[in-house]
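Comments concern the structure below.
The values are calculated or read from the model by the stated rules, or taken from the named source; none is laboratory data. No experiment lies behind these values; they were computed from the predicted model shown. Please note: Cβ atoms are built from the backbone with ideal geometry, for glycine as well, and neighbour counts cover all protein chains shown. These area figures cover heavy atoms from the full protein model, side chains too; ligands, DNA and RNA do not enter into them. Shrake-Rupley method; radii C 1.70, N 1.55, O 1.52, S 1.80 Å.
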Amino acid sequence: MLDIALIRQKPDWVKEQIAKLNDEGAVARIDIIVNLDKERREARTRIETAQAARNKLNRAMGKLRGNRAMADEEKAARAQAACRAIGETDYEGASGIMDGSTAISAGEAIDPKPAFDGLIRELRQMGDEIGKGFGLIESLEADMRSQMLWLPNLPHESVPVADSENANAPRQPVGAFREFDFEPKPHWELGPALGIIDFERGVKLSGSRYYVLAGWGARLQRALISFFLDCARANGYTELYTPYIVHSDMLYGSAQFPKFQDTVYGLADEDKYLLPTAEVAIANLHRDEILEEIELPLNYAAHTPCFRSEKASAGRDVRGIKRVHQFEKVEMFKFTTPETSYAELETMTEQAEAICAELDIPYRRLEIVTGDLGFSASKKYDIEMWSPGCEEWLEVSSCSNCETFQARRAMLRYYPAGTRKSRYLHTLNGSGLATPRVMIAIMENYQRADGSIVIPEVLRHYLGGADVIEAAGG
RNA sequence: GGAGAGGUGGCCGAGUGGUUUAAGGCGAUGGUCUUGAAAACCAUUGUACGGUCCUCCGUACCGCAGGUUCGAAUCCUGUCCUCUCCGCCA
């Protein structure tokens, strides 16, 4: 979520920033929000003033009713006088009369019953109107919130301004490209031939975009996950095991909802959803907490399955395991101060790149332009591995700084050292890495003419020292 | 899944529908005292939003959501969570 104060103060500047993104309709929300904000603040000021008067009168009523030292005749006279004052909207006066701090002149004897009934009638009427007022505030604030939830994050000033992903600027690739003396095959041929990917049975079990890994395929994946987690730990990330099913609030917190609601899988009978990424679970870990600056940065990593409906990309990348409904990923996540988040983004991205280098697969970094930033990132780098079989760059990691965008939604805050005035944290997330695509890259880069696959050096000790996946399978 | 008990500030823990606007304690912070510390004493002690933005004022929040009432931490309903026992179970 964006800072409402910023929108209020510089609506035109915010519009300019949003216009750089590929998000039609978001700019138009700003005017709606500015108007709602104005309306809601006016209502709040007005209603809360009335509520303050009413609270005071009710308290005074308590004093009048409960005053044992006061004769019933005087109470009745005061009730009647207070009733008259309220009718003239003199709430201060009425309050003083009721709590006994204002003297009243003695009049004729009054029947207490109608006097109090009249007073209660006045108070009830005030209450009814205030009730309506709070109803108005509630509906204005609900409208505001639903508008705000659809606004994307603003790009960092360093992000290149361009419309589409085609403009993402790749850096120089790193690592040696293989030279094959045969035609390298795509993984969707290598996998079934080796018996390590079973597309047909995956589809039989669950439908298209599902697959079964068997034997060395399953073991290779497990080895990769262990390797990734060990890298994360060496880099100072605390490993987490989180729930894979979370409340819908968590998806609002990490900003998948409301915009990308149709990309996740939900449970039928509960307001709970399967993780599309561990980011959702980790981003909400410190929800509604206020951390101390000395604890920061907090670095977490978790391996989870990720479930994605991929409705938006129906028909795309249908071959192989590049785009599937269920995959495994190790996610890196950082909670930092605003001052350090951009340095941490560089660190995190370099850590993801280092994993590619250790696997000895050619990779490159893309600096993502404004039009391809996505909804929640202020700045983003993608990392791609080269796959010689399908002859394309595969996105294996995406590292983002969301600044305070998620923090505002999930109430992630900290006290700067020596203060008690809380600020929002910055959140960063990055894949480190995602298995199916890294599996593709390994299979295609490490394939040999006979269809066997050499196991990358760094993975061998996770696989009992084996150095090659032979065509016979494991 | 069944039965019972319970959710109150950073923590513990009082709290008859009003007459102090959550008592008291612990912790924390600041101060007094001290060569220093401890002790003692004094003061401060949450979050969000709104108004003014120097500071203060106001509103809301006693798990959450409704309801009753002029007025709810307190009464009613629903719900979530925790604990104990029973059942089932990797």
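Packing-based ranking of A:207-217, A:270-280 yields A:270-280, A:207-217, ordered from highest to lowest mean Cβ neighbour count within 10 Å.
What segment A:258-369 shows is 40 Å² of accessible area per residue, with the surface traced by a 1.4 Å probe over protein heavy atoms.
Each Cα pair under 8 Å and six or more residues apart adds its separation to the average, and for segment A:69-145 the resulting relative contact order is 35 percent. Label separation (A:Thr102 vs A:Glu239): 7.2 nm, computed from points 7 Å beyond Cα along the C-beta direction. Accessible area per residue for segment A:1-119 is 59 Å², calculated with a 1.4 Å probe on protein heavy atoms, without ligands, DNA or RNA.
Rounded to the nearest 10 degrees, the angle from helix A:341-358 to the longest Cα principal axis of chain A is 20 degrees. Distance from the Cα centroid of segment A:1-75 to that of segment A:286-331 is 37 Å (rounded to whole angstrom).
Here the relative contact order of chain A, from alpha carbon pairs under 8 Å that lie six or more residues apart, stands at 18 percent. Counting only alpha carbon atoms, the long axis of helix A:26-66 and the longest principal axis of chain A meet at about 40°.
Only protein atoms count toward the accessible area here, which uses a 1.4 Å probe; on chain A, the carbon and sulfur part of that area reaches 49 percent.
Estimated at the nearest 10 Å², the accessible area of A:Glu165 is 120 Å² with a 1.4 Å probe. Spacing of the modelled spin labels on A:Ala312 and A:Ala357, each 7 Å from Cα toward Cβ, amounts to 3.3 nm.
Taking 26 Å as the straight-line reach from the Cα of A:Lys204, the lysines in range (excluding those fewer than 8 positions away in the same chain) are A:Lys185, A:Lys311, A:Lys322, A:Lys329. Pairs of Cα atoms nearer than 8 Å and 6+ residues apart set the relative contact order; for segment A:260-384 it is 21 percent. Between A:Glu457 and A:Leu6, what FRET efficiency follows from the Cβ-Cβ distance if R0 is 51 Å, with the result rounded to 0.05? The formula returns an efficiency of 0.55 here. The alpha carbon centroids of segment A:83-130 and segment A:389-445 are separated by 61 Å. When you count the other C-beta atoms within 10 angstrom of each residue and take the mean per peptide, A:449-460, A:358-369, A:391-402 line up highest first as A:391-402, A:358-369, A:449-460. Rounded to 0.05, the FRET efficiency of the A:Ala169 and A:Met70 pair, given R0 = 51 Å and the Cβ-Cβ distance, is 0.05. Using the Cβ-Cβ distance between A:Thr419 and A:Leu267 with R0 set to 41 Å, the FRET efficiency from 1/(1 + (r/R0)^6) comes to roughly 0.45. Of the peptides A:422-435, A:143-156, the order by per-residue mean of other Cβ atoms within 10 Å, starting with the highest, comes out as A:422-435, A:143-156. Ranking A:Arg41, A:Arg323 from most to least accessible surface, computed with a 1.4 Å probe over the protein chains only, gives A:Arg41, A:Arg323. Taking the longest Cα principal axis of chain A as reference, the axis of helix A:216-234 is set at about 60 degrees.
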